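Following: one structure in structure tokens, then a few remarks.
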Amino acid sequence: MVRTVPITVTCECGGSGPLAARSPAWRCPHCGTAYQTDSLDPSHVSHQLAIVKRMAWAGVIAVLAIVGALAFMAPAVLIATPALLAAYYYSILPWYRRRLRGIYAALPEWRLLPQ
């Protein structure tokens, strides 16, 4: 099953609305202006959002692996788990957020012309 990225189209008058999947045109609900949407290619956006999901799951798996290894090797060391989570919060999370902002900034913004 292929999931599509939700795309919102905003008109020059300020009206906006969702674009139906594989719709060749979009009509503004406020002023009635029609926009040709054949040129939109959401596959690049889907690829970027897949990278974001992979990064998030990798962080979750890394934290769980470290805590699991600590619990297996020395259960008494589990007291250090809050310190590990704090280290994750202050060292890895800022890097992740910077990279995420870069990915979102690189997403395309299409300019559609009225028909």
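Given (1) in contact with an Asp or Glu (Cβ under 8 Å, 6 or more places away or on another chain); (2) modelled with pLDDT under 85; (3) not hydrophobic (A, V, I, L, M, F, W, C), where does Thr33 come up short, assuming only one miss?
Evaluating Thr33 over (1) in contact with an Asp or Glu (Cβ under 8 Å, 6 or more places away or on another chain); (2) modelled with pLDDT under 85; (3) not hydrophobic (A, V, I, L, M, F, W, C) leaves (2) as the failure.
Could you please give the count of residues in the range 35-60 that are of a type in the set (A, V, I, L, M, F, W, C), exposed (fewer than 14 other Cβ atoms within 10 Å of the Cβ) and not in a helix (DSSP H, G or I)?
Qualifying residue count, the range 35-60: 0.
Filter the range 24-55 down to the residues that are of a type in the set (A, V, I, L, M), touching a residue at least 12 places away in the same chain (Cβ under 8 Å) and over 19 Å from Gln115 (Cα atoms) and list them by number.
Once the filter is applied, which keeps residues that are of a type in the set (A, V, I, L, M), touching a residue at least 12 places away in the same chain (Cβ under 8 Å) and over 19 Å from Gln115 (Cα atoms), the range 24-55 yields Val45, Leu49, Ile51, Val52, Met55.
Restricting attention to the range 39-56, does a residue exist that is at pLDDT 85 or above and within 19 Å of Ile103 (Cα to Cα)?
Yes, that holds for at least one residue.
With the condition kept exactly as written, say whether any residue in the range 81-101 is outside the structural domain of Val9 (by TED's automatic domain parsing), within 20 Å of Ile7 (Cα to Cα) and either of a type outside the set (S, T, N, Q) or surrounded by 10 or more Cβ atoms within 10 Å (Cβ to Cβ) (or both).
Yes, that holds for at least one residue.
Please tell me if Leu112 is in contact with a helix residue (DSSP H, G or I) (Cβ under 8 Å, 6 or more places away or on another chain) and not in a helix (DSSP H, G or I).
no
Return the residues of the range 19-34 that are loosely packed, with under 14 Cβ neighbours inside 10 Å and either charged (D, E, K, R) or assigned to a helix (DSSP H, G or I) (or both); say none if nothing qualifies.
Residue satisfying the conditions is Arg22 alone.
I'd like the residue in the range 86-109 that is in contact with a helix residue (DSSP H, G or I) (Cβ under 7 Å, 6 or more places away or on another chain) and at pLDDT below 80 and, out of all such residues, is nearest to Ser39 (Cα to Cα).
For the range 86-109, the residue satisfying everything is Pro108.
The values are calculated or read from the model by the stated rules, or taken from the named source; none is laboratory data. Fair warning: this is a prediction, and the values are worked out from it, not measured in the lab. As a convention, Cβ positions derive from the backbone with ideal geometry for all residues, glycine included, and neighbour counts pool all protein chains shown.
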